[in-house]
1. For the stretch A:145-152, does any single residue satisfy the condition of being without any contact (Cβ under 8 Å) to a residue 24 or more places away in the chain and outside any loop (DSSP other than H, G, I, E, B)?
2. Being out of contact with any Cys (no Cβ under 9 Å at 6 or more places or on another chain) and more than 19 Å from B:MET268 (Cα to Cα): is that true of B:LEU201 here?
3. For the stretch A:173-196, how many residues are in a helix (DSSP H, G or I) and either touching a helix residue (DSSP H, G or I) at 6+ places or on another chain (Cβ under 6 Å) or under 17 Å from A:VAL253 (Cα atoms) (or both)?
4. For the stretch A:406-424, name all the residues that are closer than 17 Å to A:LEU339 by Cβ and surrounded by fewer than 18 Cβ atoms within 10 Å (Cβ to Cβ).
5. Looking at (1) more than 14 Å from every other protein chain (Cβ to nearest Cβ); (2) of a type in the set (Ser, Thr, Tyr); (3) touching a helix residue (DSSP H, G or I) at 6+ places or on another chain (Cβ under 7 Å), which is the only condition A:SER279 fails?
6. How many of the residues making up the stretch B:142-153 are over 13 Å from B:LEU15 (Cα atoms) and of a type outside the set (S, T, N, Q)?
7. Does the stretch B:195-216 hold any residues that are surrounded by 15 or more Cβ atoms within 10 Å (Cβ to Cβ), over 24 Å from B:PRO242 (Cα atoms) and within 14 Å of another protein chain (Cβ to nearest Cβ), and which are they?
8. Can you pull out every residue in the stretch A:76-115 that is aliphatic (A, V, I, L, M) and in a helix (DSSP H, G or I)?
Amino acid sequence: MNRAFTNARLIDPANGLDEIGNLIVENGKIFAVGKNAKTPSGVKTHDCKGMSILPGLVDMQVFTGEPGEEHRETLATASQAAAAGGVTTMITMPNTNPVIDDAALVDFISRRARDTAIVRVHPMAALTKNCNGQSMTEFGLLSEAGAVAFTDGDRAVMNALTMRRALSYAGTFDALIVQHAMDQDLQSAGVMHESELATRLGLAGIPVAAETAIIDRDLRLVELTGARYHIAQISSAESVETVRAAKQKGLPVSCGVSATHLMLNQNDVENYRTFAKLSPPLRREEDRLALIAGVADGTIDVVVSGHNPQNEEAKRQPFAQAAYGTVGVETLLAGLLTLHHADGVALDTLLACITARPAELLGLEGGTLSVGARADFAIADLEAPWVVNADTLRSKSQNAAIDKRKVQGQVHACYVDGKAVFEL
Amino acid sequence: MTSIEIKGAFAHRDLLGIDGLSVSEITYLLDLSDNYVDQNRQIDKKTSVLRGRTQINLFFESSTRTQSSFELAGKRLGADVMNMAVKTSAVNKGETLLDTAVTLNAMNPDLLVVRHGDSGAVALLAQKMSCAVLNAGDGAHEHPTQALLDALSIRRRLGKLQGLRVAICGDITHSRVARSNLLLLNAMGAQVHLIGPQTLLPVGAEKLGARVFTTMREGLEGCDIVMMLRIQNERMEGALIPSVREYYRLYGLDREKLAYAKPEALVMHPGPMNRGVEIDSAVADDPERSLIRDQVEMGVAVRMAVLEALAANLPNNTGEAE
């Protein structure tokens, strides 16, 4: 079972490692790493030919259709897409049918994942029963069953009192509360960023205030309760500024952004392109640039795919009727590497957002190449350019917002517990 | 008029909006419409321009005047016209759209006139059709034949569009009529004022080339044309405006408010009117000032012109116009 991966650029933001060397795997764990890691004799050797070895990615927001809508995506198909993208840990969202709001359902996800998925799967459980925004779920029992955080997924908790109680109660378990910051009243019938483009297209807009109103409210409640609070995705410059200020105040706040929001802006919905219909919506170019700056300076903690598979029937609709979401778990790394190449964001900063930082927030092992850690890693050519072709992605659904876009960075292999789960 | 000339003057398979039309294409359609106005006033109103052609009017939203206007236009050009009203529920709206497109396409229509409640729905449907598609109104996006008939009404009365100042008043946010008119009037060199309460004015309207006002007194100053929009019932009573009586007081067009515009200013309305809500009968029915009857007449002529222009570009056109 022992293997040596030689002649690799080893990059591990958690340990400040970036050097040419070898990675030695023994019994599914990392035995040695670095330029001084000697290849033991008689070990099967894999020559990485100068390619990079990264910690396996931790994608903190993945929607699947299992249980209930397996035609969109199963845990198995999502995990295959993940492996092809170098993602070794997927955090699944509770918005399935039924909603994951009960310990038995968390157990169901874990068992299905163990039996069918090729990467690690950790579910977030619902924050409120049936994601109805009213009554809390059993944080204690759900945590015991393996839920890593609590969220209503693609729905905001609108009731401030419910949110206050959830944040208060979560303190007992040091649970992470994850919010989808979208005020449903302010959103109303809105389907894209509120702007002159929305006006021209005759589409109802979603103002930035729909996001900031929820964040502002929740931050007050975090001050009141002291609970750990995470915004799943922010989409605006204003939100970056708000989170930055909250962190300076020392509040236990973190936030994420989707890789798609770092690459596209509202102009990508021109011609009613429903593949770019996302929640939160793609906003102005200045928002995109502010989000990149937020990642670069650490205001934004994690980058997620927000992977949300939708079948063609759900997307081939008039824009207002079409489903939200894009697939993305397979292109998460390539998307970020493209930012590194195009926008000059430091590589270790970007990689930390998809490895060590999400693992740390969720209290998970992994996201590093530390000696003794589980051997979850990806081998990638960080430079290789390619064009995203939605039809060849491994997800069961092909709704890729970045279809036909040029990206840079190709995953060549992916390992979980030292075993190859993907090879190009 | 031969088909080859038409091709040069109007080179589009579909008419999905005013967006994308050039000044010469708009002028061409208006000139062609002028001829049909004259023809429609004769005893024999029929031609055989569309003889043998099948025109389907597919209306996902109910409409009396637009649908009958298209129906009359098609029949006067000699087409076989079929009306289809599709009842939609919120649940199966989109499903019905694409299913219907596939079904209709199999019937080999030549011209499909579509109205739908969702912005962009007509363009989506057009992708699935192999015939010419006319947008008869999609959501809050475009209603191109309305803008053309409004322009024709103005041009016939005042002789030009260039340099005129046109006020569009009312629920701009939800109005496809306002968007198509704004695009067309801007293209033709007119100046557009949008007037309404802030809750009914869309974000960024200034950037689309209009001046925006929240009072009739300011907005109507120097206007040659005052175009009133219908206010939908569901927008009233507290959601976007507090009440009908307050709306009428502030924005309802009566003689007093009309006096803010130029002394000879003309009044328009796409219909159907809510008398006593957005417009006073004394103004609406004044033959000296109201173009509302003209608009209905021009509607048929404009739709005949558009149908002819699109039919000329159909791939199997045999030049029956001669």
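1. Scanning the stretch A:145-152, I find no residue that is without any contact (Cβ under 8 Å) to a residue 24 or more places away in the chain and outside any loop (DSSP other than H, G, I, E, B), so the answer is no.
2. Against the criterion (out of contact with any Cys (no Cβ under 9 Å at 6 or more places or on another chain) and more than 19 Å from B:MET268 (Cα to Cα)), B:LEU201 qualifies.
3. The qualifying residues number 4.
4. A:LYS406
5. The single condition A:SER279 does not satisfy is (3).
6. 4
7. B:LEU208, B:ALA210
8. If the condition is that a residue be aliphatic (A, V, I, L, M) and in a helix (DSSP H, G or I), then A:ALA76, A:ALA78, A:ALA81, A:ALA82, A:ALA83, A:ALA84, A:ALA103, A:ALA104, A:LEU105, A:VAL106, A:ILE109, A:ALA113 are the ones that fit.
The values are calculated or read from the model by the stated rules, or taken from the named source; none is laboratory data. This is a predicted model, so every value here is computed, not measured. We place every Cβ from the backbone using ideal geometry, glycine too, and count neighbours over all the protein chains shown.
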